[in-house]
Every structure is written in structure tokens, then in C-alpha cells.
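**Q** Here you go, one structure.
The values are calculated or read from the model by the stated rules, or taken from the named source; none is laboratory data. Nothing here was measured: the structure is a model prediction, and the numbers come from that model. Don't worry about glycine lacking a Cβ; one is built from the backbone with ideal geometry, like all the others, and counts go over all protein chains shown.
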């Protein structure tokens, strides 16, 4: 909060001015219970309906399809509205008027409850994320643990959806979701634990203030934690390359096979919503949140924050358009054998540095040295650990052998082959 | 452990309505968890009794039938059938006709492998990006086919004794404009997939067919070549003048799905090389010999085969001096390549079974006829 | 470097050399083997280094009114040669032919197809099912008397459509 951001209600750089004016206005004319009730509604309207839902629709539905379209040498949706911008509205209307079939042998109660359990976490997660210095709905001191706890709910919802559908493919999807989410929770928590150790606070606003204080984003400080977070959270979100729970080419649609109509729309929309929540969380914890080395006094901090969220989400879209999908046993082996030791190593390194910093009372400039050292150490650790686990890129020939005459079997001579 | 946790295998259907079975094809897989214990294929959803219908139509009227067996490589099917009839009736094809046939067959091979390699990448989960790139180029080939023969997919272009029509004027410049763009796309697709760690992890050592089993199971095409057997009918038993073109055949290392994929990519490159050579040396002259309308080949039998994109496509014809064949049999490469489906999938997981099926590159129209 | 297409006489000579007395009939393009010694002959043809027919390229059947023929196209990849062998079955109702699945694994789908469409039983086949049509389908479609039409007409284009059809079966195509 610099000298430029004022307390006037029309200063849009700090939107909490408006809500404070409204609540104080209500306080003057009505008993205090009304303000108590209006506050969460206002928070929901402000945070979810004004920020999250449009960005979810524009970026998640429209933006993702257009960007993936460009990656695939085709245009995305561009018919509905100018440049296709009304495509999400058209999708929503289409889904609303569809018949939401429920198979006769399926468990109706569980099938109906699963989308509700899926929507709730995405909405709840945005409550603790700071959009600006005073624009946070619930600044609870254990926001990080709150995030990890809430992110277990969609797993339950996916399992309910798969079980309740009474369909072998759905059951496959449900089992895979549970196995994968359980495997990837551990590296996720460990990488976030490194963040907590370094910034010595679990409140998200505290972590952003810490990053603004030392003028260094935590992504540079612990790049390994960022990478592990990215992979683990994309596994939690069932996004390619780890989307085996919903692998379209293998088990049709996984746990979503029997869903249609708006129930499916809720799953699909909240998939994006939850991805945006995870992106927002990453933007807060690793990319510096609403702080931008002093720029947040000129540009509204919530704009900076939303830009960072969308940047992170773009990387999700990018990997989705590019990479194939891994098999379930390969995924779990990756989580347990590769990511977990690296997360532990990262935690050890960061704790050591924090200890050195605090015990010896060194100035804040040491973090840049720590960052440089961490970058090198992380790259070396990842590479060496991969080599130890048997990763040999040069052994695999990527081109076939070429022969000119037809005959019988031509045995492979030597280790490396390779055509032209 | 198995006394504490009791599990029993159950039968799961993969197909016939499935995004990844390349048509109406069903595999009844007995699975235990994610491990497949037994796989049995069920076909016949697309059986149209072509072999019986062909006995009631003249030899020329059967050519559109052959289009619709392997609908992704119709020019090759036509070519095989016309070769069989020409062998039976001892008809010579002029040189220009042969060169045009070679150009069409190789362009068709590129188009079919675009679809085959792209669909295989789709099966491994590369969310339609490589298949979209290949499809864009395949569209250009289909436009060329439409310009020449009138149809995109079921071309009905080859005739007994040559081809139906001569090449249009803008054919050569369209093909020459297409070849560098296709080479660029092949490089793009290969760069995206062949070195990709995830793709290699999905396709390497999956669905391995050792070379003795490959030969014993009558495999052909990229499946046989993937196992290291250097067998390509264009080299071994050249037809239509293939011996005058300079090209190489790719063979694999250990017969897994990854080998077949890189073989298909390389075959596309070699096909483009052949098309260039054929266009450079395109002779003049008639494009087909005159064949009587009611062709009655002398009594006898003939078996002719070509290297279609899927393998050895053979036609066995028996003639009884009538206007229609006495027996018309298609040797479908996709069906015979499925002989090893059980050996490839048992012991792997369902994801591997889908990858294995994608690497065989089946077309159900050919399986069921 | 073309494939050597063996004539019927050459295959008959090779078969006689390997298993004497195994040839039933010889024609210009193919050689028919006796069903009793067919399995032994096929095995010898596959294992003998001179013939080396390791690849069963095609297995199909044909109906010649008085007998069925199962046609085998055998191919050698090393020596680049192909030959056509046949086994005849003279039973009309339920013909039986020995199955070559133990010799060439690639035969099992094609033999199932021949059983499905012609009704030829292959003894020794591990799992003979009707793969293209379903169990319980009435008849075997590719037989020449399937869909016997009224008026004594036969399926098959003996003349152009519209003219009178010959009542007797056509000439034997392969002598």
C-alpha cells in the first residue's frame, strides 16, 4: 500500500474500498446482523461472480479452445458472437436444455450429489486468496492447509461419480482418480511445506507480503518446488499429461461417462474453476501474488494477480495441447520414485538456508545468492536422480533402419541403430 | 495377500462404440484390475458379403467394391484388384498407366499413414495435435484425388488395363507444391512425438511381436517390418514398374508399437521420394489399354498382391470364362495382422491394449468385407 | 528381383520328394494334396531348407459344386518364392479338412472365416467359431447353393442379366 492508493470509494485499484463503503452504509441504516449476512454475499459476488466466473468462462472455455486450436493449426470457435466470445454462453444454454440422463441401475442419490461436491471446493478455495493488499475475503492464518484440505474434496466427488454410475468404465476412472490423487498429494504437500518453512507463515497474505518484502518471487528461490507443484497439481486436476482418470481414448470418459446435460456441465465448468483456483494459488505462493516489485501502486494489483493466474493457466493449456498421456503405473512410479525424493531434497535445502539466514541474522540480500545456488542445485539434483533411476535418452533410436533389398529377418547389430 | 483381498476377473467390452477402436470392432477383454488376462476379438459388425456380391457383377463392376473394403486406401485396393484381373486375363498396362498408378498408390500411402500414425498418436493421448497436423496435409491429398478421379475417399480410379482418366493439367503443379509442405509436416510430427519421453514411455516395449512369431502368424506390412523382417512386396515382387524407382524400406528393431510408428513416418518420406521420381519420369502415351466391355478372362485362377499401407493386400480370383468371377477373395491385411492380438495384449494393461490396437492400424471395412 | 511363382508341377515335385505319395492332382498353377498326408507335407514344406515356406500368405476356400477346395498360398521370404497348394474335400454336407494352425499360427483366423462362410470343418483347430456371422446363422453364405433362387436359377452371372440363365452348373474352372 503506497501513497498512491487512496481510500476513496471510486479508487478501483483497491476494490475493498467499495465493499467497505457498502457495508458501512448498511451499518448505518440497519442492525448489524444484516451487515453480517450481506458481507459473505458481497464477497461471493465480488470474488466469484465478478472475477472468477468470467475469467473461467473466457479463459477456460473460450481461451483454451482457441489456443489449443491454434496449436493444432486450426481456428477455435469463432462463430458465436464477435470472435466467438459468446461461445461459453452458448455452451451453457446448450447444456441447460439437454436431458440429463440417469441410468436406471445407477445410484441416483450419489450421482446427483457428486457434481455438488465438485462445485463446492472451487468456490471455497477462492475465499482465501488475496487479490490485493486489503482485498482478501478471509485472511485465515492457516490458508495453505485449508487449500490442501479442500483440494481433497474433488477426489471424493470423482469417486462418487464413478461409483454411482454403475458402469465399468466409470469405475475404472474412479479408481484411477483415487490412486493418482493419493500418490500426488505427498509431493504437493512437501513442496508447499518448503514454501512455509522459508516464509515462516501459512497465511497466503503473509506469503505475498514476504515476497514483496524480500523482492524475490519464491519461484526463483525454489524452482524445484515450483516444478513439483506444477506436476502434482496438474495430476490432481486430471489434466493432460496426467488425465488418465478421464482418458478419452481409453475409457471413453472415465468417471464422467454417464453424465450428460448440466450435471456434466458442472463437472466440466468446475474442472476449469478448480484449475483456475490452483493457478491462483500458484500465482500467490510462487509468483508473488499481487506484488510486482512496486508496480502495484500504479496498476491495480488485482489486474496483476489475474494476469499471473492466467499465465500459469496458459502453461496448463500448453502442456495439454502438446504432450501424450502417461499410463497409471508410470504415473504412480513417477510420483513416488522421482518427485517425492526431490521434494524431500528441496525441503532439506530450503530449511538449511532459512536456518542459516535466521541464525546468523544476515541481511535480506542473501536470498538472491540462495536463489542462484538453489537453481543450480535443483537442476543438478533432478538430473542426477533421473540418471540414477535409469533415464538414458541416447539409447533409444528414433529412426528405423533402412534397407534396399527385401529378404528375411535382419538382426539388430550393436546397441544403436539409426537410419539415415 | 490373495487370501485377504479377494478379487475376481471380469469381462470388459472395449468397443464396438469407442473413440479408439478405429471402427466397429470389439475386444472382449477379461481383466483383473488393470491387467488383461484374455482378449478375444469379435468382428463382423461391418460384414457386407462383398465376396458373394462380386460373383454377380462383372469384373469392372467389382472395382467400386474394392474401394469400400479398406476405405482409407481405396486407390491401393483398386490397384490390387486390377493387377489380379490383368494377371488372369494377361493384359498389359502401358507405361504411362503404370506410372500414374504408382503416383496414386504412393500418395494414397501417405494419406493412409497420416491417418494411421495420427490415430496412433491419438490413442496414446496426444490430445489430437499431431493428428490435426497430419489431417491438414491429408486434406490436400484428398483434394488432389478429387481433382483426378472425382471422389475424395472411394476413388474408383483404376481400371483393368490402366486408369480411368488421364491426369488433369494442374496435377503436376499441385503435387509438386504439396510435397515440401508434407515433408515439413512429417518433420513437425516426428519432432513432436518421436523424441518425446512420454510417447516413448507409452509406446516402447508395448505390444512386442518377435520375428519368428511375426513370420509364423502371416503378418505383413509395418507389423512384419517392425519385427525386423525386411519384406516389402514393392521390393520383393515389383509390380507396376516399382523396380525402376530408388527408395528404401524401413525396418524396426524389436517389433513394438514405437517401431511401427517410426516405420510409418519413414514410409511417408520414402513415398514422397517415389512420387517425385515418378513425376519426373512420367512417360507420354495412352493411360490404359482397350479392354472389352464384357471381359471374359480365360478359365483359371490368379493371386496378385500389392503392398497396401496396412500390409500385403492380396486378391484371389477364379474365372470360369463367364463375365463375372467365379470366386473373388480378398486377403485382408488388417484381419491377419490381428492374429497376434492376444499375444500382444495379454499381460498388459488396458491402456496398453489400446496402444497395441492402434499400432496395428486396422480398418474394419477390410476385416469384415 | 521378382518372386518366383512356382507352377503346380514344381510344387508337386517338391511334395513328392519330401513325402512320397502326397499329391492328388496337379494343375498348371496349383497342386492338390491328399488330405491324409496333408499335415505332414505342409510341415515338411515349411521346414525343408529348399522350399522354406515359412509364411502362409493366404488361406481361402472355394466351392466347385462337387467338391470344396481349400487354397493355401505359401511363401518363402528368404528365397522369395510363392506356391499354391490345395486340399480338396469331396463331402457336400459337412466337409472336413485338417487344420494347419499348429504349423502356421496365421491360419487360425482364416480357417475360422472359411468355416463361417463355407461350412468346412477344420479338425485340430482350437477354437472354430463363426467369426463374421453369428452362431445360429442359417446356412453358409458363400456356398454356391446358398440363396437357391426359384425357377431353377442359380446365383452367378452366367450371361448378362436379363437373359435366360443356364440350369446346369458352369464348367470346372481349374483343371
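**Q** Do you know which residues across the stretch C:1-20 are farther than 17 Å from residue B:302 by Cβ and in a loop (DSSP other than H, G, I, E, B)?
**A** C:1, C:19, C:20
**Q** Out of the stretch B:193-224, which residues are within 8 Å of another protein chain (Cβ to nearest Cβ), buried (at least 22 other Cβ atoms within 10 Å of the Cβ), outside any loop (DSSP other than H, G, I, E, B) and in contact with a helix residue (DSSP H, G or I) (Cβ under 7 Å, 6 or more places away or on another chain)?
**A** B:193, B:199, B:202
**Q** Can you find a residue that is assigned to a loop (DSSP other than H, G, I, E, B) and either surrounded by 19 or more Cβ atoms within 10 Å (Cβ to Cβ) or away from every other protein chain (no Cβ under 11 Å) (or both) anywhere in the stretch B:169-181?
**A** yes
**Q** Restricting the search to the stretch C:1-20, which residues are buried (at least 18 other Cβ atoms within 10 Å of the Cβ), away from chain B (no Cβ under 14 Å) and closer than 26 Å to residue B:231 by Cα?
**A** Of everything in the stretch C:1-20, those that are buried (at least 18 other Cβ atoms within 10 Å of the Cβ), away from chain B (no Cβ under 14 Å) and closer than 26 Å to residue B:231 by Cα turn out to be C:14, C:15.
**Q** For the structure I just gave you, tell me whether residue B:160 is crowded, with 22+ Cβ neighbours inside 10 Å, away from every other protein chain (no Cβ under 14 Å) and out of contact with any strand residue (DSSP E or B) (no Cβ under 6 Å at 6 or more places or on another chain).
**A** Yes; evaluated as a whole, the condition is true for this residue.
**Q** How about the stretch A:77-152: which helices (runs of 4 or more DSSP H) wholly inside it have at least 2 residues that are within 19 Å of the chain's Cα centre (by Cα)?
**A** Ranges flagged: A:108-125, A:143-150.
**Q** If you go through the stretch B:320-336 one residue at a time, do you hit one that is crowded, with 20+ Cβ neighbours inside 10 Å, more than 11 Å from every other protein chain (Cβ to nearest Cβ), part of a loop (DSSP other than H, G, I, E, B) and in contact (Cβ under 8 Å) with a residue 24 or more places away in the chain?
**A** No, every residue in the stretch B:320-336 fails to be crowded, with 20+ Cβ neighbours inside 10 Å, more than 11 Å from every other protein chain (Cβ to nearest Cβ), part of a loop (DSSP other than H, G, I, E, B) and in contact (Cβ under 8 Å) with a residue 24 or more places away in the chain.
**Q** Would you be able to say whether some residue in the stretch B:343-355 is modelled with pLDDT of 90 or more and part of a loop (DSSP other than H, G, I, E, B)?
**A** The answer is no; no qualifying residue exists.
**Q** Would you pick out the residues in the stretch A:350-378 that are without any contact (Cβ under 8 Å) to a residue 24 or more places away in the chain, part of a helix (DSSP H, G or I) and under 33 Å from the mean Cα position of the chain (by Cα)?
**A** Correct list: A:352, A:355, A:356, A:357, A:358, A:366, A:369, A:372, A:373, A:376.
**Q** Taking into account only those residues within the stretch B:249-278 that are surrounded by fewer than 24 Cβ atoms within 10 Å (Cβ to Cβ) and assigned to a loop (DSSP other than H, G, I, E, B), which is farthest from the other protein chains (Cβ to nearest Cβ)?
**A** B:256
**Q** Name every residue in the stretch C:21-56 that is buried (at least 17 other Cβ atoms within 10 Å of the Cβ), in contact (Cβ under 8 Å) with a residue 60 or more places away in the chain and either within 14 Å of chain B (Cβ to nearest Cβ) or part of a loop (DSSP other than H, G, I, E, B) (or both), in order of residue number.
**A** Across the stretch C:21-56, the qualifying residues are C:27, C:29, C:30, C:35, C:42.
**Q** Further, regarding this structure: Have a look at B:190, B:243 and point out the one that is out of contact with any strand residue (DSSP E or B) (no Cβ under 9 Å at 6 or more places or on another chain), within 14 Å of chain C (Cβ to nearest Cβ) and either part of a helix (DSSP H, G or I) or within 30 Å of residue B:94 (Cβ to Cβ) (or both).
**A** Sole residue among the options that is out of contact with any strand residue (DSSP E or B) (no Cβ under 9 Å at 6 or more places or on another chain), within 14 Å of chain C (Cβ to nearest Cβ) and either part of a helix (DSSP H, G or I) or within 30 Å of residue B:94 (Cβ to Cβ) (or both): B:243.
**Q** Within the stretch A:379-393, restricting attention to residues that are part of a helix (DSSP H, G or I) and within 11 Å of chain B (Cβ to nearest Cβ), which residue is surrounded by the fewest Cβ atoms within 10 Å (Cβ to Cβ)?
**A** Per the stated criteria, the residue is A:393.
**Q** Out of the residues in the stretch B:293-316 that are more than 10 Å from chain C (Cβ to nearest Cβ) and modelled with pLDDT of 90 or more, which is nearest to residue B:59 (Cα to Cα)?
**A** If we take residues in the stretch B:293-316 being more than 10 Å from chain C (Cβ to nearest Cβ) and modelled with pLDDT of 90 or more, then B:304 is nearest to residue B:59 (Cα to Cα).
**Q** Got a sec? Which helices (runs of 4 or more DSSP H) wholly within the stretch B:29-113 have at least 2 residues that are buried (at least 18 other Cβ atoms within 10 Å of the Cβ) and away from every other protein chain (no Cβ under 14 Å)?
**A** So the answer is B:63-67, B:74-89.
**Q** Regarding the stretch A:127-147, can at least one residue be identified that is farther than 30 Å from residue A:199 by Cα and in contact with a helix residue (DSSP H, G or I) (Cβ under 9 Å, 6 or more places away or on another chain)?
**A** Within the stretch A:127-147, none of the residues are farther than 30 Å from residue A:199 by Cα and in contact with a helix residue (DSSP H, G or I) (Cβ under 9 Å, 6 or more places away or on another chain).
**Q** Given (1) modelled with pLDDT of 80 or more; (2) within 14 Å of chain B (Cβ to nearest Cβ); (3) more than 27 Å from the chain's Cα centre (by Cα); (4) surrounded by fewer than 18 Cβ atoms within 10 Å (Cβ to Cβ), where does residue A:337 come up short, assuming only one miss?
**A** The one condition residue A:337 does not meet is (3).
**Q** Here is a further query. Among the candidates B:363, B:346, B:340, single out the residue that is more than 14 Å from chain C (Cβ to nearest Cβ) and under 23 Å from residue B:46 (Cβ atoms).
**A** One residue alone meets the criteria, B:363.
**Q** Moving on. For residue C:139, state whether it is at pLDDT below 85, exposed (fewer than 13 other Cβ atoms within 10 Å of the Cβ) and in a loop (DSSP other than H, G, I, E, B).
**A** yes
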